[in-house]
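**Student:** Submitted below is the structure of interest, expressed as structure tokens.
The values are calculated or read from the model by the stated rules, or taken from the named source; none is laboratory data. Computed from a predicted model, the values in this text were never measured in an experiment. When we count neighbours, we look across all protein chains shown, and the Cβ atoms used for this are built from the backbone with ideal geometry, even at glycine. Just so you know, the surface numbers come from the protein's heavy atoms only, side chains and all, with ligands and any DNA or RNA stripped out. Shrake-Rupley method; radii C 1.70, N 1.55, O 1.52, S 1.80 Å.
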Amino acid sequence: MKTDELRKTYLQFFERKAHRLFPSDSLVPADDPSLLFTGAGMNQFKPYFLGLKKDVKRATSCQKCLRTADLDRVGKTNYHHSFFEMLGNFSFGDYFKEGAIEMGWEFVTRELGLPKDKLWVSVYEEDQEAFDIWKKKMGVPEARIVRMGAEDNFWPSNAPKDGPNGPCGPCSEIYVGEVPGKGVEIWNLVFTGYNRQSDGSLPPLPQPNIDTGMGLERCAAVIQGVESNFDTDNFVRLRAELHRLLKTPGKERARENAVLDHIRAAVFSIADGALPSNEGRGYVIRKIIRLASDHLQKAGAVDSGVFHKLIPAVVDVYGGVYPEISERQKTITGIIENEERAFWEIIRTRVPALKSELPASKDPAATAFKFYDTHGLPFELIQEAAQTVGVTLDPERFEALLSEQKKRSRESSKIAGEIFSKGFYHLIDGLGPTRFLGYDATEEPRANLLRAVKGDAIVPELKAGEEGVLLFDKSPFYAESGGQIGDAGRIAGAGAEADVLDTQKMDHCIAHKVVVKQGAFRPGTTYALAVDAVRRADIMKNHTATHLLHAALRRALGDHVKQSGSLVAADHLRFDFTHFQAVGPDKIAEIETLVNTEISKNTPLDKRELSKDDAIKEGAIAFFGEKYGDTVRVVTIGDFSKELCGGTHLRETGQIGSFRITSESSIQAGVRRIEAVTGRAADAMLEAARAELKELQREFSSPSPEQTVGRIRMEVERLRSLRDRLSGQAQSRVRQRLTEGLGGASSFAGVRCLELSFNNADPELIRRELEALRKSDASHVAAVVSVFEDKFSFTLSAGSEAVKKGFHCGNTVKEIAKAIGGSGGGKPDFATGGSKEISRAAEALGLAAQLARRTLTEKN
């Protein structure tokens, strides 16, 4: 049975058992700040496990998962992965142990056809109920039922003793193996029946739940009769492509496995919006790409930077099941290729720097860890660099630093100690969906107040001076979603009045965040709701303009442009999109023109509801990170734009007025950001520009704007010429003083030592002259200080003979910086530093001379 067939067979089996099929959730959890990545099938079902959502009793899914705690083990074992697929079936207060065991046994013995005498099961040592079900109802011989402790057969592991608090329970696992106690675990059935407390007690949950997990790759390996997950059919197809990139395929099996795992992790993570960066999940993805690049090189790659060439194979194998990787293939390729290029540049520059720093370091493990953590150098490369310079790294010290870093990472990402957090669900328990009226109206005169909330509690009333949340049966207020901010406005009635500060979603309810100005709001009373219509109109202008901008970007830059984030506010819009270089002035102008042309056409907007499948077939673009139901709202603007969108929009594009881009920038590798204004804000921007131009006309005594621009250009050219002349004169003075100083410098061990001080000398100018000096004179050490108003810089240069005789500019600058309270560093032949303690400039120069003389005298 092929892997794709196994996935399909599992899901269809549980659909026949009345389970609702859920698509895989994103690898980037949208509503769970406690997780960096989705690591289990149950993550998207947390509200159901808590009994806070009750519309589904049985569910099944095949979940994309990413776990990165043990990246160093990936490829070395038969079954360890970072990215994997998790098959699962779930019960929320429906069937429990007996149902889960019966269906599990039926699937493995009948659907998969695994022989019963080749299977054995484990149960928690205190779970007699599960033991009896296996023995008496499933007919499993007692000898093939193994009792295990809480570390192995309780979820989370050892939870009764060690926690964390929250839902937990014993589990039962199905193994393939002739001898009980030996074999491969293919399925874990978790009986989530308890709610662990801080005192260690385990009271029962109001509703017991079932959470099961079967690793798709591991089960496929068993079914296909291969030794390793990396030998299953999908990996065989990926390996064939990998071998085309290697000089000697098959020689470095473990490294090949790691590369195959990591390309899947990188492709799927980037497709779901986890883009490489220096923090959070982006840091993890960057690390995976760099590890894979290093593994690939050591496995014998035909060239550096070929990791991205595996992407088409991943898309070919998985694109049919996960179309998002096909749709974003060009973007994914560009991002990974850029990451590889950056990594090899780091290798080129940072490995020599590491080799330079290690011998002089008082804590080599800490120095090594800095390069590992800050610059992303793989540990193997660091070890190799240390060996080549004769430095031994303390593995325990390095591991301690790594543990500290992981702890900081966990704390910064707010990973909770509790398994689940109730959040707001208990505040809306029993309430139906709020009926949204805001597509057609900004006012509703008779809305029934269903619930008042203050803090984390439901209250009988919300009184004057108090802040809280009001929940109604219907509302014209738009709750923040899809990048569009929530509405503000006013609620009044029955002698009460409140300002609506913001509107947010509480699952299916619209939550009005209010401050009560007078009276009291009591559930059961009818109130009038009024959105701030002027503010809403500005928001709609920016939202419709965002759709036009997206379409214009794709026309001007290419179809690889995909939205990766947005903000639609009242005073501006922000749009993040995938692109691999800065958008130049000409393209910015082209994009502005495209948008304003569509505005001038005054095209009517078509807004209608369709099934999601029909909308996608019609070519509608889905916004990144949004979750869509079976029925979606499609917003179409002529033949220019068609997108899935639940936000509020204008009737015609002409209502936008005008559109102006205010900035374009990079926010991370492969992602650009455009900010823009529309309507009143764009008009104000234009008026400000006109006023500034008039001021410039007066300043330059110009009769017209055209002549003003011409005169400004002439003035810029005059200033540029003056700057070049002054720079040339300054350079000549620096060169002259260096030449004169070198002629009168004292020699130590055959090396002339020069010290000079300047006021306000350009550090770049000093660098160029010292570089020229190094080329012309091999036997010198030059120390130069340049003093500015609020700081000073110090620069050291050494000729090749001086370096051979033991002088090291970088180490010397570090010693100076430490002594005077500054910072700095560099290479053996050139280094720079600086300090804000201007009074210590002369001390720095004298210390440089002293250290140069001492080093050259002692070492020669």
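**Student:** Could you pull the accessible area for LYS541 with a 1.4 Å probe, rounded to 10 Å²?
**Tutor:** Estimated to the nearest 10 Å², LYS541 gives 40 Å².
**Student:** Can you work out the Karplus-derived ³J(HN,Hα) for every residue in region 646-652? Use 6.51 cos²θ - 1.76 cosθ + 1.60 with θ = phi - 60°, whole Hz, and x for glycine or proline.
**Tutor:** These are the phi-based 3J(HN,Hα) values: x, x, 8, 9, 6, 7, 9 Hz.
**Student:** What lysines does LYS54 reach when the alpha-carbon gap must be under 22 Å and sequence neighbours fewer than 8 apart in one chain are set aside?
**Tutor:** LYS17, LYS46, LYS97, LYS422, LYS474, LYS505, LYS627
**Student:** Give me, ordered by chain and number, the residues 5 or more places off THR525 or on other chains with an amide H under 5 Å from its own placed amide H.
**Tutor:** Residues meeting the criterion, in which the H sits 1.01 Å from N, are LEU449.
**Student:** Contour minus end-to-end for GLN387 and ALA730, with contour as 0.36 nm per residue of separation and end-to-end as the Cα-Cα distance? Provide the component values of the computation, followed by the final result.
**Tutor:** On the way: separation 343, 0.36 × 343 = 123.48 nm, distance 4.58 nm.
118.9 nm is the gain from fully extending GLN387 to ALA730.
**Student:** Could you state the angle between the C-alpha long axis of helix 3-16 and the longest principal axis of the C-alpha atoms of the chain, as a value from 0 to 90 degrees rounded to the nearest 10?
**Tutor:** Between the helix axis and the principal axis of the chain, the angle is about 40 degrees.
**Student:** On to the next question. Out of the DSSP beta bridges found with both residues in region 719-860, what percent are antiparallel (nearest 5)?
**Tutor:** Working: 20 of 28 bridges.
Rounded to the nearest five, the antiparallel share is 70 percent.
**Student:** I've got another one for you. Could you give the distance between the Cα centres of region 583-647 and region 299-355, to the whole Å?
**Tutor:** About 31 Å separates the Cα centre of region 583-647 from the one of region 299-355.
**Student:** Separate question: Could you tell me how many degrees, from 0 to 90 and to the nearest 10, lie between the Cα long axis of helix 705-743 and the main elongation axis, the longest principal axis, of the Cα atoms of the chain?
**Tutor:** Compared with the principal axis, the helix lies near 60 degrees.
**Student:** Taking the highest mean first, how do the peptides 267-278, 317-328 order by number of other beta carbon atoms within 10 angstrom per residue?
**Tutor:** Numbers: 267-278: 23.5, 317-328: 17.7.
In decreasing order of mean packing, 267-278, 317-328 become 267-278, 317-328.
**Student:** Also: Whose amide H sits under 5 Å from the amide H of LEU119, counting only residues 5 or more places off or on another chain, with H placed in the peptide plane?
**Tutor:** So LEU119 has HN proximity to GLY177.
**Student:** Here's a follow-up. As a test of reading the structure, rank TYR95, TYR10, TYR194, TYR283 by solvent-accessible area (1.4 Å probe, protein chains only), most first.
**Tutor:** Numbers: TYR95 20, TYR10 0, TYR194 85, TYR283 45 Å².
Highest to lowest solvent-accessible surface, that is TYR194, TYR283, TYR95, TYR10.
**Student:** Give the lysines whose C-alpha is closer than 20 Å to that of LYS694, dropping any in the same chain fewer than 8 places away, or say none.
**Tutor:** none
**Student:** Report, by chain and number, residues whose modeled amide H sits under 5 Å from the one on SER835, excluding near sequence neighbours (fewer than 5 apart, same chain).
**Tutor:** Result for SER835 returns PHE792.
**Student:** So, one more: What is the antiparallel percent of DSSP beta bridges lying wholly in the chain, to the nearest 5? Show your work: numbers first, answer last.
**Tutor:** Numbers: 125 of 144 bridges.
Bridges in the chain that DSSP calls antiparallel: roughly 85 percent.
**Student:** Would you list which lysines come within 22 Å of LYS251, measuring only between C-alpha atoms, while excluding same-chain residues fewer than 8 positions from it?
**Tutor:** LYS76, LYS298, LYS309
**Student:** Please tell me the relative contact order of the chain in percent, rounded to the nearest whole number, where contacts are Cα pairs under 8 Å and at least six residues apart. It would help to have the intermediate numbers written out before the result.
**Tutor:** Values: 1633 pairs, mean separation 56.1, N = 860.
Relative contact order here is 7 percent.
**Student:** Over the chain, with the other protein chains present, what is the accessible area per residue in square angstrom, probe 1.4 angstrom? It would help to have the intermediate numbers written out before the result.
**Tutor:** Values: 39080 Å² over 860 residues.
On a per-residue basis, the chain sits at 45 Å².
**Student:** Have a look at the DSSP beta bridges in region 587-688 and tell me what percent are antiparallel, nearest 5.
**Tutor:** On the way: 20 of 21 bridges.
DSSP beta bridges in region 587-688 are roughly 95 percent antiparallel.
**Student:** Provide the solvent-accessible area of MET1, counting protein heavy atoms only and rolling a 1.4 Å probe, rounded to the nearest 10 Å².
**Tutor:** 70 Å²
**Student:** Residue by residue through region 450-455, which ³J(HN,Hα) values in whole Hz follow from phi under the Karplus form 6.51 cos²θ - 1.76 cosθ + 1.60 (θ = phi - 60°), with glycine and proline marked x?
**Tutor:** So the Karplus estimates, Gly and Pro as x, are 8, 7, 10, 10, 10, x Hz.
**Student:** A further question follows. Quick check: the angle from helix 395-412's long axis to the longest principal axis of the chain, C-alpha only, nearest 10 degrees?
**Tutor:** So the helix axis and the longest Cα principal axis differ by about 60 degrees.
**Student:** Further, regarding this structure: Of ASP117, ASP4, which has the most accessible area and how do the rest follow, probe 1.4 Å?
**Tutor:** ASP117, ASP4
**Student:** Same structure again: If only Cα atoms are counted, what is the Rg of region 773-834, and what is its Dmax, in Å?
**Tutor:** Cα only, region 773-834: 11.8, 37 Å (Rg, Dmax).
**Student:** Determine the share of region 554-598's accessible area contributed by carbon and sulfur atoms, expressed in whole percent, with a 1.4 angstrom probe.
**Tutor:** It is 50 percent, rounded to a whole number.
**Student:** At a threshold of 8 angstrom on Cα-Cα distance, excluding pairs fewer than six apart, so keeping six or more, what relative contact order does region 423-519 reach in percent? Each step should come with its number before you reach the end.
**Tutor:** Numbers: 213 pairs, mean separation 28.2, N = 97.
Once normalised by length, the contact order is 29 percent.
**Student:** Turning to a different aspect of this structure: Tell me the carbon and sulfur percent of the accessible area for region 265-331, rounded to whole percent, probe radius 1.4 Å. Display every interim value, and only then the final one.
**Tutor:** Values: 1000 of 2200 Å².
Using a 1.4 Å probe with all protein chains present, region 265-331 comes out at 45 percent carbon and sulfur.
**Student:** Trypsin sites (Lys or Arg not before Pro) within region 674-704: which are DSSP loop residues with at most 12 other Cβ atoms inside 10 Å?
**Tutor:** Working: sites: ARG680, ARG690, LYS694, ARG698; in loops: none.
Within region 674-704, no trypsin sites (Lys or Arg not before Pro) qualify (loop, at most 12 other Cβ atoms within 10 Å).
**Student:** Rounded to the nearest 10 Å², what accessible area does SER122 show when all protein chains are kept and the probe is 1.4 Å?
**Tutor:** 0 Å²
**Student:** In whole Hz, with x marking every Gly and Pro, tabulate ³J(HN,Hα) for region 173-187 from phi via Karplus 6.51 cos²θ - 1.76 cosθ + 1.60, θ = phi - 60°.
**Tutor:** 10, 9, 10, 9, x, 5, 9, x, x, 10, x, 10, 6, 10, 8
**Student:** Between ARG73 and SER600, how many nm apart are label points set 7 Å from Cα along the C-beta direction?
**Tutor:** Taking the two extended label points, one gets 6.4 nm.
**Student:** While we're looking at this one, here's another question. With a Cα-only, solvent-free Debye model of the chain, what are the log10 I(q)/I(0) values at q = 0.10 Å⁻¹?
**Tutor:** -1.27
**Student:** Using only alpha carbon pairs under 8 Å that are at least six residues apart, calculate the relative contact order of region 737-840 and give it in whole percent.
**Tutor:** Working: 212 pairs, mean separation 22.0, N = 104.
RCO, region 737-840: 21 percent.
**Student:** If N is the number of residues in region 602-712, what value comes out of its Cα radius of gyration divided by 2.2 N^0.38 Å? Intermediate values should be presented prior to the final figure.
**Tutor:** Working: Rg = 20.8 Å, N = 111, 2.2 N^0.38 = 13.2 Å.
Working it through for region 602-712, the quotient is 1.58.
**Student:** Using only Cα atoms, locate the centre of region 44-106 and the centre of region 425-477, then give the distance between them in Å, rounded to an integer.
**Tutor:** Between the Cα centres of region 44-106 and region 425-477 lies a distance of 35 Å.
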